[in-house]
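First up is the structure itself, then whatever we jot down about it.
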Amino acid sequence: MEELLFQEFEEVSAKQWKQKIQYDLKGADYNEKLITHTLHEIDIKPFYTQEDVTEKLQIKNPSNWNICEKVFVTSESEAAKKAISKFSKGGEAIWFQIPNTEIDLKKLFENLPEGKLYYLECNFLDAAYLKSFNIFLREKNFRIHVLLDIVGNLARSGNFFYNLKDDHSELEKIVRDLDSFETVIGINTAFYHNAGATIPQQLAYAMCHFSEYANHFPEEKDLKFTYKLATGSDYFMEIAKIRALRWLHRSLAQEFQLNETCHVLAESAKRNKTLYDYNVNLLRTTTESMSAILGGADSICNSPYDAIYHKDNEFGDRIARNQLLVMRHEGYFGKVGNAAAGSYYIESLTKQLAEKALEIFKDIESGGGMLKQLNDGAIQKKIKESAKQQQKKFDEGELVLIGTNKYENAQDRMKDDLELYPFLKKKPRKTLIEPVLERRLSEAYEKERLAAEEESIKTENNE
């Protein structure tokens, strides 16, 4: 008769584990010593058992994930050449960023390989422009997701593309006419993360965007959505975030009788990236990509370690791509489609994040919805509050960025290496609402170090 491993051992309940731990603590307070209170308003326990998973969420993750790379298009021929080169080196999806309508999409795609996955992110809203490209695609076999989010554009920039009525009118034409694309609405939550929103807030705002579109297109039962999100260094939380997003989408889609499947495009967060000791960014993007893989993203765009201060360069792109290639081919991260399923800890985190996000979502909906809350400044206020808490922890050294606010290299010099301005740019302009601004945690600290560098150089020159 076959015997199961460890069946001779008696099961131990969560209560028994806790009693043993409290005994070993010798009178010290269990909650104070071993419970971690996070900024996401979720407490992390020292251990998890089957008792913590009373209800297993039904989450369908993709069986495969794609290595995605960005290409900013200034020239159709050069962008196509870059894309083909990236495919030949292991890339599997290309994220084209289109700055204006002068870019000819038909010319861009005429020599690109069919059957591959592409994302189109336009810095404008033009139904006729995309409709012309849609006609071109009908004779082709491209898999294309258009990343359009008029609600996200309003929140991020402070303005509509045109105005509320015209933006919706253009989007209606796009949804109605663009049958050659896999998805045309790409809900953007990445900038919420980079602005300092908590994970439940990011998830809630994603669902609020979804609700705005679902209410506007009640008859479009086959309408599909892509979610663009950022993954940070909070490893297990970020795994649970993507899983919670899929569950939340499925739950709301059922209520609206819309398509329950969604597509997830994950990219490395900007918020925790550093200018000094920049090589540490390699380690950060590695864990972030791992979270995205284990969480179940469809495509993962890994940012180069020097992206915040260097212009696009082949070396940085190659390293970023190779990080994902190593994970797939040497780390075997491409062998299992839903590796996180069944983990008591991750299952518990997923449920808690989803429930917390639902609470925030319901509050926003009862308060008039996302557009009204943005117009009133309520969303911006909440994000600024959570960002302020994060910044305080960073400034006090409780939230650590290695090489920046702990174990920093005092001899590190960056002033002469800056090709891009690495800090938040503020351009005075009139906006309809207060925009949600992305800001890295270490910006103020780095400005002080750069100023100190300048003073040091002046002193040396005077001597």
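The values are calculated or read from the model by the stated rules, or taken from the named source; none is laboratory data. Here the structure is a predicted model, which means the values were calculated and not measured. All Cβ positions, even for glycine, are placed from backbone atoms using ideal geometry, and neighbour counts span all protein chains on display. Side chains are part of the model used for accessible areas, which takes the heavy atoms of the whole protein and leaves out ligands, DNA and RNA. Shrake-Rupley method; radii C 1.70, N 1.55, O 1.52, S 1.80 Å.
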Residues satisfying the stated conditions in the stretch 135-156, i.e. closer than 19 Å to Lys106 by Cβ and of a type in the set (D, E, K, R): Arg138, Glu139, Lys140, Arg143
message: Can you pull out every residue in the stretch 217-263 that is open to solvent by less than 10 Å² (accessible area, probe 1.4 Å) and among the aromatic types (Phe, Trp, Tyr)?
response: Phe225, Tyr227
task: Show the residue pairs that are 6+ apart or on different chains and have beta-carbon atoms under 6 Å apart, the first residue being within the stretch 311-333 and touching a residue at least 40 places away in the same chain (Cβ under 8 Å), the second being open to solvent by 90 Å² or more (accessible area, probe 1.4 Å).
output: Lys311/Glu419
task: Restricting attention to the stretch 264-276, report how many residues are open to solvent by less than 50 Å² (accessible area, probe 1.4 Å) and farther than 21 Å from Asn64 by Cα.
output: 7
query: With (1) within 20 Å of the chain's Cα centre (by Cα); (2) free of Cβ contacts under 8 Å to residues at least 40 places away in the same chain as the list, and Tyr421 as the residue in question, which single condition is left unmet?
result: (1)
message: So Ala28 passes all but one of these: (1) at pLDDT 95 or above; (2) assigned to a loop (DSSP other than H, G, I, E, B); (3) open to solvent by less than 70 Å² (accessible area, probe 1.4 Å). Which condition number does it fail?
response: (1)
statement: Filter the stretch 196-205 for residues that are of a type in the set (S, T, N, Q) and assigned to a helix (DSSP H, G or I); the one that is farthest from Gly152 (Cα to Cα) is Gln201
query: Restricting attention to the stretch 355-388, and to residues there that are within 13 Å of Ser211 (Cβ to Cβ) and not in a helix (DSSP H, G or I), which single residue is most open to solvent (accessible area, probe 1.4 Å)?
result: Gly368
message: So for the stretch 374-381 (the condition being among the aliphatic types (A, V, I, L, M) and at pLDDT below 95), does at least one residue qualify?
response: no
message: Please pick out the residue among Glu55, Glu69 that is of a type in the set (D, E, K, R) and at pLDDT 95 or above.
response: Glu69
- request: Determine which single condition Gly152 fails, assuming it passes every other condition in (1) open to solvent by less than 10 Å² (accessible area, probe 1.4 Å); (2) over 16 Å from Glu438 (Cα atoms); (3) of a type outside the set (A, V, I, L, M); (4) free of Cβ contacts under 8 Å to residues at least 60 places away in the same chain.
  value: (2)
- prompt: Somewhere in the stretch 75-97, is a residue closer than 21 Å to Ile185 by Cβ and open to solvent by 20 Å² or more (accessible area, probe 1.4 Å)?
  reply: yes
query: When you look at Arg143, is it at pLDDT 95 or above, open to solvent by 30 Å² or more (accessible area, probe 1.4 Å), within 24 Å of Asp298 (Cβ to Cβ) and within 20 Å of the chain's Cα centre (by Cα), yes or no?
result: no
statement: Among (1) modelled with pLDDT of 90 or more; (2) surrounded by 13 or more Cβ atoms within 10 Å (Cβ to Cβ); (3) more than 22 Å from the chain's Cα centre (by Cα); (4) among the β-branched types (Val, Ile, Thr), Ile35 falls short only on (2)
- prompt: Looking at the stretch 15-72, which of its residues are more than 30 Å from Val326 (Cα to Cα) and of a type in the set (Phe, Trp, Tyr)?
  reply: Trp17, Tyr23, Tyr30, Phe47, Tyr48
field: Checklist (1) in contact with a helix residue (DSSP H, G or I) (Cβ under 8 Å, 6 or more places away or on another chain); (2) part of a loop (DSSP other than H, G, I, E, B) applied to Leu420, failing item
entry: (1)
task: Confirm whether Phe161 is surrounded by fewer than 19 Cβ atoms within 10 Å (Cβ to Cβ), among the aromatic types (Phe, Trp, Tyr) and under 15 Å from the mean Cα position of the chain (by Cα).
output: no
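Yes or no, residue by residue, for (1) over 19 Å from the mean Cα position of the chain (by Cα); (2) within 30 Å of Lys165 (Cβ to Cβ):
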| residue | (1), (2) |
| --- | --- |
| Phe315 | yes, no |
| Asn322 | yes, no |
| Gly331 | yes, no |
| Met370 | yes, yes |
| Asp376 | yes, yes |
| Ile379 | no, yes |
| Ile383 | no, yes |
| Ser386 | no, no |
